[in-house]
Amino acid sequence: MVSSHTDLAYDSKIEGDVVVTKLDSAINWIRNNSMWPMPMGLACCAIELMAVGASRFDIARFGAEVMRFSPRQSDCMIVAGTVTYKMAPQVRRIYDQMAAPKWVIAMGACASTGGMYRSYATLQGVDRIIPVDVYISGCPPRPEAVLDALVKLQNKVERERSASRLFTA
Amino acid sequence: MTANADVITAVQGGFPAVTRRPSSDHPACNVPATDAIAVLRYLRDVESYDFLTDLTAIDWSAEKSPRFTVVWHLYSSTKHVWVRVAADCADDVNPSMPTTTELFPTANWHERECYDLMGVKFEGHPDLRRILMWDGYPHHPLRKEFPLAGIPTDLPDAEIAAETGIGLIAAPMAGGPFVSTPGGPMTEAEPRAKDEAWSEQSEKPTNA
């Protein structure tokens, strides 16, 4: 929670050891800053996704550096690449295995719409099988675009009514 | 061992049914399907064409008979030359060809691909499953009558299909396929549909 308003920051001398906030804000703050991606690398976009994780672009600055190859431990599936019809059931199954709350970023033209693969073998957009939160254009997208998508997703999560849905979703 | 240019003549010495095949690059010959294995064995053992670089098939379209031709490209790792062998499949509806997996182990996956996309059955193949499309896919996509956009069918996984309620759709072509025209400056080489008269917004004009 970086802020230039130092005068508004929490001051333990004045307020003691208690912080008052909304439960929504607290939950969303936790979720936002530890959004572990599930790298669903299916094609060349995955190379770009690796660059996002590496030191030059450093996705760790946004708290999403812990790439988990286990769906059980991840929050945000980044579908990076062409989803073929043969692979589509597996993508959906891995999405189903992720624990809620979970989000999806469709990275690149192929994952978003099928891209240049207007063919019998390619799923025409991964949103046909799983709900997508953020789409990234590009073929492949720049790493900055992936970071931008992550920030957009964090902004979206910030507005969620997490507390009321804590025990339902 | 024979010089590359004379290799077809040498093959014809042992197999009188073999004919020369027009070719702009490597020596090529047509062989009857029944002689294919023997010719390939001769080329491998006697003429030292020891490497199967490619195995594919040609679909001459549904009106033609014979419809399917299987093509082998052999390479000699000692002479550094290629030779091409082609054999027509006798049956146009259920084409088949003897397998070459016992001569060239690499033919295993080539023949699976050829079976998957063209529907040529290779008799005697140890494991003739589809290799690119999934088991149970009902079509052979590289056949002439198969549209590039695909034919609507079910997803490979029945459980996921029931959950998502989707199946294969024909891909929206919108005047495509999208190809770049060769020549000209790079700025104009962006892949474009050949027929831009229609798109996803405006319907394809039908010829009355």
Proximal lysines relative to B:Lys194, as straight alpha-carbon distance under 16 Å, when same-chain residues fewer than 8 apart are discounted: B:Lys204
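Can you compute the FRET efficiency between A:Arg61 and A:Val19 using 1/(1 + (r/R0)^6), with r the Cβ-Cβ distance and R0 = 30 Å? Round to the nearest 0.05. Could you put the intermediate results ahead of the total?
Values: r = 24 Å, r/R0 = 0.81.
For R0 = 30 Å, the calculated efficiency reads 0.75.
Counting pairs of alpha carbon atoms under 8 Å apart in space and at least six apart in sequence, what relative contact order in percent does segment B:105-208 give?
On the way: 116 pairs, mean separation 16.2, N = 104.
Reported as a whole number, the value is 16 percent.
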Chymotrypsin sites (Phe, Trp or Tyr not before Pro) within segment A:63-169: DSSP coil, no more than 14 neighbouring Cβ in 10 Å: A:Phe69, A:Phe167
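Determine the gain in length on full extension of the stretch A:Ala26-A:Asn155; use 0.36 nm per residue of separation and subtract their C-alpha separation, reporting nm with one decimal.
Numbers: separation 129, 0.36 × 129 = 46.44 nm, distance 1.41 nm.
Length difference between fully extended and current span is 45.0 nm.
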Cβ-based exposure ranking for B:Leu52, A:Leu49, in which fewest neighbours within 10 Å come first: B:Leu52, A:Leu49
Sequence-distant aspartates and glutamates (8 or more away, or on other chains) whose Cα lies within less than 19 Å of A:Lys86: A:Asp96, A:Asp127, B:Glu113, B:Asp116, B:Asp135, B:Asp154, B:Asp157, B:Glu159, B:Glu163
Inter-label distance, nm, simple model (7 Å from Cα along the C-beta direction), B:His80/B:Ala162: 6.1
Amide hydrogen neighbours beyond the local backbone of B:Phe51, cut-off 5 Å, H modeled: B:Tyr75, B:Ser77
Cα-projected label distance for B:Glu145 with B:Asp50, points at 7 Å along beta-carbon direction, nm: 4.5
Debye equation applied to the C-alpha atoms of the protein assembly as shown, log10 I(q)/I(0) at 0.08, 0.10 Å⁻¹: -0.62, -0.85
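Neighbour counts of other C-beta atoms within 10 Å: give me B:Leu74, B:Leu148, B:Leu168 arranged from fewest to most.
Values: B:Leu74 25, B:Leu148 13, B:Leu168 21.
The fewest-first ordering by Cβ neighbours comes to B:Leu148, B:Leu168, B:Leu74.
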Rounded FRET efficiency, nearest 0.05, which uses the C-beta distance separating A:Ser137 from A:Asp96 and R0 of 35 Å: 0.85
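Quick check: residue separation of B:Asp135 and B:Phe178 times 0.36 nm, minus the Cα distance between them. What number comes out in nm? Please report the intermediate quantities before stating the final value.
Details: separation 43, 0.36 × 43 = 15.48 nm, distance 2.91 nm.
Full extension from B:Asp135 to B:Phe178 adds 12.6 nm.
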DSSP bridge orientation in the protein assembly as shown - percent antiparallel, rounded to nearest 5: 50
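Kindly identify segment B:114-175 as rounded, prolate or oblate by the Cα gyration tensor criterion: order the square roots of the eigenvalues as a ≥ b ≥ c, call it rounded if a/c is under 1.5, otherwise compare a/b with b/c, prolate if a/b is larger, else oblate.
It is oblate, given that a/c is not under 1.5 and a/b is not larger than b/c.
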Beta bridges per DSSP with both ends in chain B, % antiparallel, nearest 5: 75
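Over all residues in B:142-154, what is the mean tally of Cβ atoms on other chains that come within 10 Å of each residue's Cβ? Could the numbers behind the result be given before it?
Details: counts 0, 0, 0, 0, 1, 2, 3, 4, 7, 1, 1, 2, 1.
Counting Cβ atoms of other protein chains within 10 Å of each residue's Cβ and averaging gives 2.
Cβ under 13 Å from A:Arg159's Cβ, A:Arg159 left aside: what net charge do those residues give with Lys, Arg +1 and Asp, Glu -1?
Here the charged neighbours net out to +2.
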Part-to-part distance (alpha-carbon centres) for segment B:4-60 and segment B:141-191, which is given in Å: 36
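Where Lys and Arg each count +1 and Asp and Glu each count -1, what net charge lies around B:Ser65 among other residues with Cβ under 11 Å from its Cβ? Spell out each step's value before the answer.
Numbers: positive: B:Lys64, B:Arg67; negative: B:Glu63, B:Asp88, B:Asp91, B:Asp92.
After counting each charged neighbour, the total is -2.
Could you work out the relative contact order of chain A? I mean the mean sequence separation of Cα pairs under 8 Å and 6+ apart, divided by the number of residues, in percent. Can you show the working numbers first?
Details: 274 pairs, mean separation 39.2, N = 169.
Here the relative contact order equals 23 percent.
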Amide proton proximity set for A:Thr84, modelled H, under 5 Å, gap of 5+: A:Leu123
Helical mean residue ellipticity (222 nm; -39500 (n - 2.57) per DSSP H run of 4+; nearest 500) of chain B: -5000 deg cm²/dmol
Lysines whose Cα lies under 18 Å from that of B:Lys144, excluding same-chain neighbours fewer than 8 positions away: B:Lys64, B:Lys121
Positive-end extreme of charge dipole, segment B:1-101 - chosen from B:Thr56, B:Val71, B:Ala17 (charges on Cβ): B:Ala17
Of the DSSP H helices in chain A, those whose Cα atoms cover at least 15 Å axially and whose Kyte score averages 0.5 or more: none
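Read-outs: derived from the displayed coordinates by stated rules, not from any lab. These numbers were taken from a predicted model, which means no experiment stands behind them. Heads up, the Cβs are rebuilt from the backbone with ideal geometry, glycines too, and the neighbour counts pull from every protein chain shown.
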